[in-house]
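Contents: one structure, followed by commentary.
The values are calculated or read from the model by the stated rules, or taken from the named source; none is laboratory data. What you see is a predicted model; the values in this text were computed from it and never measured. Here the Cβ positions follow ideal geometry from the backbone for every residue, glycine too, while neighbour counts run over all protein chains shown.
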Amino acid sequence: MSDTLKERRRLLIASSGAGAVAAAATAVPFVASLTPSDRARAAGAPVEADVGKLAAGEMMTVEWRGKPVWILRRTPEMLAALEAHEQRLADAASEEPQQPGYASNRHRSINPEYLVVIGICTHLGCSPSEKFSPGAASGMGDDWPGGFLCPCHGSIFDLAGRVFLSQPAPTNLEVPPYKWLADTLVRIGEDDSAPA
């Protein structure tokens, strides 16, 4: 074999090796980009919220599956107001199959003190705003019992997330599956009603 052929062979082997290394170096990040990120994996997993520091009348927001979930700690006055306006609601008894069975009640929750709902209007997916103060203090009129207003198209919901009659939103705010792990710790995205 001539020296020229030997040199070409060495160059071919060296360049093939370098090409293989470059291909592997390029493929590793590409393949890694195809696997879901930690955030994406967590988006479908249950999330926990500690409500221990949530004062009565306050609301906190946590993210579950890319959606805002509101946790409102209702005052005794807020709970008492839920019965007074039921004739003005589209689904006062929460009979639409949009929530777990344990939320088909006046307060739409396991523990009446805490409302847990997805903070997305059931009309076109806008995010309602808080209008907790009853009466004219919220700018909603003297007969306003307190609740939520969707500013996009005017849908209104009470302090249990129940929609009022003749609103653009067709149904109440959705209640996600959830369960209490302790007095102040709630897990959203998982409940005890699913078969084991």
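Residues in the stretch 156-177 that are part of a loop (DSSP other than H, G, I, E, B) and closer than 19 Å to PRO97 by Cβ: 12 in all. Going through (1) farther than 23 Å from VAL62 by Cα; (2) in contact (Cβ under 8 Å) with a residue 24 or more places away in the chain one by one, ALA137 falls short only on (2). Screening SER138 with (1) of a type in the set (S, T, N, Q); (2) within 21 Å of GLU83 (Cβ to Cβ); (3) in contact with a Cys (Cβ under 6 Å, 6 or more places away or on another chain) gives one miss only, at (3).
Applying the condition of being closer than 14 Å to LEU173 by Cβ and among the aliphatic types (A, V, I, L, M) to the stretch 93-124 and asking which residue is surrounded by the fewest Cβ atoms within 10 Å (Cβ to Cβ) yields LEU124.
Taking the criterion of being of a type outside the set (Lys, Arg) and either in contact with a helix residue (DSSP H, G or I) (Cβ under 6 Å, 6 or more places away or on another chain) or in a strand (DSSP E or B) (or both), the residues of the stretch 122-137 that qualify are SER129, GLU130. Can you say whether LEU181 is closer than 23 Å to ARG65 by Cα, not charged (D, E, K, R) and not in a loop (DSSP other than H, G, I, E, B), as far as the supplied structure shows? When the stated conditions are applied, LEU181 passes them. So, SER133, is that one surrounded by fewer than 16 Cβ atoms within 10 Å (Cβ to Cβ) and assigned by TED's automatic domain parsing to the domain that holds LEU72 or not? Spelling it out, SER133 is indeed surrounded by fewer than 16 Cβ atoms within 10 Å (Cβ to Cβ) and assigned by TED's automatic domain parsing to the domain that holds LEU72.
Here GLY146 fulfils each of the conditions (1) in contact with a Pro (Cβ under 8 Å, 6 or more places away or on another chain); (2) of a type in the set (Gly, Ala, Ser); (3) free of Cβ contacts under 8 Å to residues at least 60 places away in the same chain apart from (3).
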